[in-house]
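The values are calculated or read from the model by the stated rules, or taken from the named source; none is laboratory data. These figures come from a predicted structure and were not determined experimentally. Cβ placement follows ideal geometry from the backbone for every residue including glycine, while neighbour counts extend to all protein chains displayed. All accessible areas refer to the heavy atoms of the entire protein, side chains included, with ligands and DNA or RNA removed. Shrake-Rupley method; radii C 1.70, N 1.55, O 1.52, S 1.80 Å.
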Amino acid sequence: MIEISNLTKYLGKNSVISNFSFPAQRQECLGLFGAEGAGKTILLKMISGSIRPTSGHVNIFGFDTQSHRTQACKAIGYQPESGINHPSMSVFSLLNFIATLRGFHGIEKRSRVGRAASRLELSSVLSYPVHTLPPGHKRRVALAQAILHDPGVLLLDEPGEGLAPHQQDKIRTLIQSLTEEMTVIVASRDCEALSGICTRALVIGSGRLLADTSVPELQRGSRHFQAVTLAAESHLDLLALAVLPGVAGIEEHRHSPGTVTVLAMPGHTIYPSICALIANRNWQISSLKLEPGRLNDVVHQLSQEAPH
Amino acid sequence: MNLLPVFKRQLASYLSAPATYLSLAAFLVLSATLGLHTSQLLERSSSDLQGIFEWHPWLYMLLIPALSTQLWAEEHATGFGDFMKTLPVTPAELVLGKFLAAWVMVGVALLLTFPFVMVVNVLGTADNVLIASQYLGSWLLAGNYLSVGCFICALTHQRLAIFLLTLSLLLMASGLSSVLDALEHQAPIWIAESLISLSPYLRFGMIDHGVITLKESLYFLSMIIAFLATTTVILNYKSG
């Protein structure tokens, strides 16, 4: 489906992407995770064909983005990070314009524009000029135009940023349903939010591919994997928690007194014994949570360890 | 082919921008006042509009940069220009579509000078073929200047820089004739002649005086194609 091989980009003398390779299949949702300035956006731009790589190739459905740019462009939907802005067009005319450039006419064009607008809930703002919309709407306009032509590869750059929480949920649901039809590559700084929908996680740091695994695998690398966070109204006996079998350590939350995170040793499960201890001591617990592992920490740590 | 959507889009953005109407109005007012004041068109009851058209090379120096700043600058400022690179549009289609839209706008400006044609026809016997050829010549000259504007737009995205660079490049081209006068006695005759043949201002003068010839039209068309091709090459190069 999509094959990226030895992609390298130099800006001046600095390499921003070096020797980046990965394949992606249909019905995969790739999360591209990394810190700010790790090279996520520039990588997506290179895949979309708007920036030419210094060396290496991007192959989309058998078309190289450099030698067969137009064919490759047709198979790609790209949502830029800042959303879409235009000095004079309204949302409707912008979507129409892009649908025309994508080669749609007449009834089909109208139905596709209508469908994309309703999927992103843009129907109420269709007549407004794009530049007057708030950033969240601009991002949704950008998403709407990206899925207009049912692309084979969908590139999303921070799709949830700046959106209200319930909108973020909707975007996640949308991405999940789109994954059934196409390859989705979604770049984000906030990995936690996307952990549920990504089938694969690529970690990028200083332009290098640091990890290419599944999300659970990445979570397993976190020191908070299998950790238990509990908040109590009464005083907690930390010593009793610490001597439980398999407990590696206890972190007290500085900002919310009474809340602690109990870390588990690798390969151990501590949740049942903590539950038993709570029942035994009759602690008044206000929240108890088993953590799946903190992805943001893992990505941050991987980026720190990476050679610069 | 995506030429038509780009052309329509650009035409729509010209028609929705107040700056377009302002520059067209300024062009028309200046063209009328300067033409009528200097040539005594109405008093002489001349059969053509030479008095008006001879001002056009100079008036275009204001109108063309004003139109060409609207070609790319705004879209670039909002990041839309970069986004367009991810759509299946080739730089050639983009350049040609935008250029044609701007050229049509100049055509509209020229058509709006039609009251002069009526006046000349009413007041005396007008040579309408000559007038038509003058219109065509003026439009070709404007196309030539616009292609220079497109070329500058590919180099820079700053409005003021586009305006000033286009203006100075056009002034240089027009000033070529006075340089040639000075060169006439020093330089070998073939250099002067080949330079003369490159000046759009002198070419336009030839059309202005008489009926348009194939040679002159081809000169303007080939200049347009040359500048637009250069623009496309620059855009292709820049996307790297």
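Remark: B:Gly35 falls outside the filter, which requires a residue to be in contact with a Ser or Thr (Cβ under 6 Å, 6 or more places away or on another chain) and modelled with pLDDT under 85. In region B:5-27, the qualifying residues are those that are more than 18 Å from B:Glu75 (Cβ to Cβ) and open to solvent by 40 Å² or more (accessible area, probe 1.4 Å), and the one that is nearest to the other protein chains (Cβ to nearest Cβ) is B:Tyr21. Among the candidates B:Ala126, B:Ala154, the residue that is outside any helix (DSSP H, G or I) and away from every other protein chain (no Cβ under 14 Å) is uniquely B:Ala126.
For region B:76-103, the tally of residues that are open to solvent by 20 Å² or more (accessible area, probe 1.4 Å), within 21 Å of A:Ser90 (Cβ to Cβ) and within 7 Å of chain A (Cβ to nearest Cβ) stands at 3. Cβ-Cβ contacts under 7 Å between residues 6 or more apart (or on different chains), taken from a first residue in region B:1-25 that is under 12 Å from B:Leu71 (Cα atoms) and in contact (Cβ under 8 Å) with a residue 24 or more places away in the chain to a second residue that is open to solvent by 50 Å² or more (accessible area, probe 1.4 Å) and in a helix (DSSP H, G or I), are listed as B:Phe7/B:Leu100; B:Leu11/B:Val104. Within region A:71-92, none of the residues are without any contact (Cβ under 8 Å) to a residue 12 or more places away in the chain, open to solvent by less than 50 Å² (accessible area, probe 1.4 Å) and at the interface with chain B (Cβ under 9 Å from one of its Cβ atoms).
Checking every residue in region B:122-133 against the condition of being surrounded by fewer than 19 Cβ atoms within 10 Å (Cβ to Cβ) and hydroxyl-bearing (Ser, Thr, Tyr) gives at least one match.
Residue by residue, here is whether (1) within 14 Å of chain B (Cβ to nearest Cβ); (2) surrounded by 21 or more Cβ atoms within 10 Å (Cβ to Cβ) holds:
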{"residue": "A:Ala116", "(1), (2)": "no, yes"}
{"residue": "A:Glu121", "(1), (2)": "no, no"}
{"residue": "A:Val130", "(1), (2)": "yes, yes"}
{"residue": "A:Leu133", "(1), (2)": "yes, no"}
{"residue": "A:Leu143", "(1), (2)": "yes, yes"}
{"residue": "A:Asp150", "(1), (2)": "no, no"}
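Yes/no matrix, rows are residues, columns are (1) among the hydrophobic types (A, V, I, L, M, F, W, C); (2) at pLDDT 85 or above; (3) touching a Cys at 6+ places or on another chain (Cβ under 6 Å):
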{"position": "A:Arg200", "(1), (2), (3)": "no, yes, no"}
{"position": "A:Ala211", "(1), (2), (3)": "yes, yes, no"}
{"position": "A:Leu230", "(1), (2), (3)": "yes, yes, no"}
{"position": "A:Ser234", "(1), (2), (3)": "no, no, no"}
{"position": "A:Ala240", "(1), (2), (3)": "yes, no, no"}
{"position": "A:Thr259", "(1), (2), (3)": "no, yes, no"}
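The single residue among A:Ser234, A:Ser286 that is more than 26 Å from A:Ile171 (Cβ to Cβ), among the small types (Gly, Ala, Ser) and open to solvent by less than 60 Å² (accessible area, probe 1.4 Å) turns out to be A:Ser234.
Restricting attention to region A:196-218, the residues that are open to solvent by 30 Å² or more (accessible area, probe 1.4 Å) and closer than 14 Å to A:Gly31 by Cβ total 10. Taking region A:237-256 as the range and being assigned to a strand (DSSP E or B) and open to solvent by 30 Å² or more (accessible area, probe 1.4 Å) as the test, the residues that pass are A:Ala248, A:Ile250, A:Glu251, A:Glu252.
Of the residues making up region A:57-70, just one is in contact with a helix residue (DSSP H, G or I) (Cβ under 7 Å, 6 or more places away or on another chain) and within 11 Å of chain B (Cβ to nearest Cβ), namely A:Thr65. The residue pairs whose first member lies in region A:101-130 and is more than 13 Å from A:Ala144 (Cα to Cα) and in the same structural domain as A:His86 (by TED's automatic domain parsing), whose second member is among the basic types (Lys, Arg) and open to solvent by 50 Å² or more (accessible area, probe 1.4 Å), and whose beta carbons are closer than 9 Å, counting only pairs six or more residues apart or on different chains, are A:Arg102/A:Lys74; A:Gly103/A:Lys74; A:Phe104/A:Arg110.
Annotation: of all residues in region A:298-308 being in a helix (DSSP H, G or I), open to solvent by less than 70 Å² (accessible area, probe 1.4 Å) and of a type outside the set (Ser, Thr, Tyr), the one that is nearest to A:Gly267 (Cα to Cα) is A:Val298. Only one entry of A:Ser48, A:Ser67 meets the criterion of being of a type in the set (Gly, Ala, Ser), touching a Phe, Trp or Tyr at 6+ places or on another chain (Cβ under 9 Å) and either closer than 14 Å to A:Val153 by Cβ or open to solvent by 10 Å² or more (accessible area, probe 1.4 Å) (or both), and that entry is A:Ser48. Would you mention how many residues in region B:48-59 are part of a loop (DSSP other than H, G, I, E, B), of a type in the set (A, V, I, L, M, F, W, C) and open to solvent by 10 Å² or more (accessible area, probe 1.4 Å)? Number satisfying all stated conditions: 1. Applying a threshold of 9 Å to beta carbon distances and a minimum spacing of six or more residues, or different chains, the list of pairs starting in region A:31-54 at a residue that is free of Cβ contacts under 8 Å to residues at least 40 places away in the same chain and within 18 Å of A:Glu305 (Cβ to Cβ) and ending at one that is of a type in the set (S, T, N, Q) and in a loop (DSSP other than H, G, I, E, B) reads A:Gly37/A:Ser206. Out of B:Leu67, B:Leu62, one residue alone is assigned to a helix (DSSP H, G or I), under 25 Å from B:Leu169 (Cβ atoms), open to solvent by less than 20 Å² (accessible area, probe 1.4 Å) and more than 14 Å from chain A (Cβ to nearest Cβ). It is B:Leu67.
Could you list, in sequence order, the residues of region A:12-29 that are part of a strand (DSSP E or B), farther than 20 Å from A:Asp64 by Cα and touching a residue at least 12 places away in the same chain (Cβ under 8 Å)?
Restricting attention to region A:12-29, the residues satisfying the condition of being part of a strand (DSSP E or B) are A:14-24, A:29.
From what is left, the residues that are farther than 20 Å from A:Asp64 by Cα are A:14-16, A:29.
Answer for region A:12-29, where residues must be part of a strand (DSSP E or B), farther than 20 Å from A:Asp64 by Cα and touching a residue at least 12 places away in the same chain (Cβ under 8 Å): A:Ser15, A:Val16, A:Cys29.
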